[in-house]
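The structure under discussion appears below in the form of structure tokens.
The values are calculated or read from the model by the stated rules, or taken from the named source; none is laboratory data. Everything quoted here is computed from the prediction, not taken from an experiment. Positions of Cβ are generated from backbone atoms using ideal geometry, with glycine treated the same way; all protein chains shown enter the neighbour counts. Quick note on the areas: whole protein, heavy atoms, side chains included, nothing else; ligands and nucleic acids left out. Shrake-Rupley method; radii C 1.70, N 1.55, O 1.52, S 1.80 Å.
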Amino acid sequence: MTEDPDEPLEGDIGPAARAVRPAEPEPDPADEMRRYAAEREERRRRTNAVSGRVAAVLGAALLAFLTYDAVRAAVDDHAHGRDWIYPPGVVAAVCGVMLVALLTWVVHRTK
């Protein structure tokens with residue numbers, strides 16, 4: 001008999017099994033809350049970053065389409081002798097400026 005009779009066997013439960021194994025330290029509730037808050041903040045930042053990219057792409061696509069459509073309408077109106085500067089020309093210019101501003105902002109943020 002080489003084993004100590006007071007040593008708990010593997011798989012034993014009860015007071016003797018805990019006496020031999022060191023007890024795991026209790027986690028500090030404040031540390032757990034700080035860790036949880038930091039993880040939540042990191043998830044929120046990632047989600048906001050993805051949402052911002054999607055919104056920028058959709059906004060750029062919309063502005064590009066509006067600029068294209070307004071330029072096409074201005075060219076068509078000019079070809080038929082109608083007023084082409086005020087309604088479609090101004091809309092094309094405003095949408096084009098907004099598109100350039102959006103793309104500049106996106107490039108600036110990625111640096």
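Residues of the stretch 49-67 being over 16 Å from THR110 (Cα atoms), of a type in the set (Gly, Ala, Ser) and out of contact with any Leu (no Cβ under 8 Å at 6 or more places or on another chain), which ones? Full working, then the answer.
Of the residues in the stretch 49-67, the ones over 16 Å from THR110 (Cα atoms) are 58-59, 61-67.
Add one more test, that the residue is of a type in the set (Gly, Ala, Ser), and what stays is 59, 61, 64.
If the condition is that a residue be over 16 Å from THR110 (Cα atoms), of a type in the set (Gly, Ala, Ser) and out of contact with any Leu (no Cβ under 8 Å at 6 or more places or on another chain), then ALA61 is the only one that fits.
If you check ARG35 against the conditions, is it out of contact with any helix residue (DSSP H, G or I) (no Cβ under 9 Å at 6 or more places or on another chain), surrounded by 10 or more Cβ atoms within 10 Å (Cβ to Cβ), more than 30 Å from VAL106 (Cβ to Cβ) and at pLDDT 90 or above? Steps first, please.
On the way: out of contact with any helix residue (DSSP H, G or I) (no Cβ under 9 Å at 6 or more places or on another chain): yes; surrounded by 10 or more Cβ atoms within 10 Å (Cβ to Cβ): yes; more than 30 Å from VAL106 (Cβ to Cβ): yes; at pLDDT 90 or above: yes.
Yes: the conditions hold for ARG35.
Six or more apart or on different chains, Cβ under 8 Å: which pairs go from a residue in the stretch 64-77 that's under 14 Å from MET98 (Cα atoms) to one that's open to solvent by 40 Å² or more (accessible area, probe 1.4 Å)? Could you list them?
Between residues of the stretch 64-77 that are under 14 Å from MET98 (Cα atoms) and residues that are open to solvent by 40 Å² or more (accessible area, probe 1.4 Å), the close pairs are LEU66/VAL91; ALA70/VAL91.
Residue-wise test of (1) exposed (fewer than 15 other Cβ atoms within 10 Å of the Cβ); (2) in contact (Cβ under 8 Å) with a residue 24 or more places away in the chain; (3) assigned to a loop (DSSP other than H, G, I, E, B).
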{"site": "GLU24", "(1), (2), (3)": "yes, no, yes"}
{"site": "ALA55", "(1), (2), (3)": "yes, no, no"}
{"site": "ALA61", "(1), (2), (3)": "yes, no, no"}
{"site": "GLY81", "(1), (2), (3)": "yes, no, yes"}
{"site": "ALA92", "(1), (2), (3)": "no, yes, no"}
{"site": "THR104", "(1), (2), (3)": "yes, no, no"}
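Restricting the stretch 4-22 to residues that are modelled with pLDDT under 65 and open to solvent by 90 Å² or more (accessible area, probe 1.4 Å), which is farthest from VAL106 (Cα to Cα)? Let's see the steps before the verdict.
At the first step, the residues of the stretch 4-22 found to be modelled with pLDDT under 65 are 8, 12, 14-22.
The next check asks that each one be open to solvent by 90 Å² or more (accessible area, probe 1.4 Å); those that pass are 15, 18, 21-22.
On the way: PRO15: 63, ARG18: 59, ARG21: 57, PRO22: 55 Å.
Residue satisfying both the conditions and the ranking: PRO15.
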